[in-house]
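Each reported figure results from applying straightforward, stated rules to the coordinates on display, with no laboratory input. Every value quoted in this text rests on a predicted model; they were computed, and no experiment measured them. All Cβ positions, glycine included, derive from the backbone under ideal geometry; neighbour counts span all protein chains shown.
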Amino acid sequence: QQPVQSPQAVILREGEDAVINCSSSKALYSVHWYRQKHGEAPVFLMILLKGGEQKGHDKISASFNEKKQQSSLYLTASQLSYSGTYFCGTEWILTGGGNKLTFGTGTQLKVEL
Amino acid sequence: DAGVIQSPRHEVTEMGQEVTLRCKPISGHNSLFWYRQTMMRGLELLIYFNNNVPIDDSGMPEDRFSAKMPNASFSTLKIQPSEPRDSAVYFCASSYNREETQYFGPGTRLLVL
């Protein structure tokens with residue numbers, strides 16, 4: 001039930017692009033993306049709802065492929081401030097009603113000069 | 001705005017004791033979330049309130065955990081009795097609604113001895 005993230009870790013040089021993938025075995029209602037720096041609270045990046053959404057702000061965007069039960073987070077022209085652990089959360093509808101949101105184990109991203 | 005306020009920031013207690021964590025959401029936000037994060041289990045959503053009403057508590061681990069939101073500006077998460085495996089960082093977050101940007105508090109680091 002926990003989504004699978006890939007890669008587990010990635011090192012970039014400043015200015016390079018990266019893609020983080022999140023896949024689920026469930027039919028998804030939504031996908032959430034967060035970034036967390038060591039010792040700090042998570043920062044909510046965006047939520048994508050079923051319907052094949054694509055969202056973005058600044059140089060961070062994401063897509064949600066409902067049929068494939070996958071989402072990807074795109075980091076363009078990475079900056080040092082992008083370093084941190086990225087989590088995806090996948091939400092699905094429970095059979096008896098209500099939603100369930102579970103999180104991946106995170107992708108550690110480090111941007112170097 | 002002061003952001004989401006959590007107290008205490010750190011709590012050390014002995015097994016069997018009652019622990020109460022507090023959260024003050026951002027004024028005007030209708031949704032409130034409690035999360036738990038550990039190295040072993042990662043990030044977990046414990047409970048979600050909308051307009052002070054618990055909507056989804058499927059993440060609450062067991063009956064020892066309870067959460068309340070008596071009004072729009074205050075929520076508590078109580079653990080009674082506490083156990084060492086409850087040691088974690090507990091985050092509170094709020095948003096205008098479930099599908100809008102969530103703002104996280106700094107977290108409460110709980111250690112149960």
| Projected label distance in nm at A:K68 and A:E16, using a 7 Å step from Cα toward the beta-carbon | 2.2 nm
| Normalised convex hull volume, chain B, alpha-carbon set, Å³ per residue | 90 Å³
| field | Label point 7 Å beyond Cα of B:R9 along Cβ direction - residues of segment B:93-113 with amide nitrogen under 18 Å | value | B:93, B:104-111
| query | Just for the Cα atoms in chain A, what are the lengths along the principal axes, largest first, rounded to whole Å? | reply | 50, 28, 20
| query | What pairs in A:K26/A:K100; A:K110/B:K24; A:K37/A:K110; A:K26/B:K68; A:K68/A:K100 have C-alpha atoms more than 22 Å from each other? | reply | A:K110/B:K24; A:K26/B:K68
| note | Relative contact order of chain A (C-alpha contacts under 8 Å, at least 6 apart) in percent is 36 percent
| message | What is the sum of charges, Lys and Arg at +1 and Asp and Glu at -1, for the other residues whose Cβ falls under 13 Å from the Cβ of A:S61? | response | -1
| Please state the relative contact order of chain B as a whole percent: Cα pairs under 8 Å, 6+ residues apart? | 37 percent
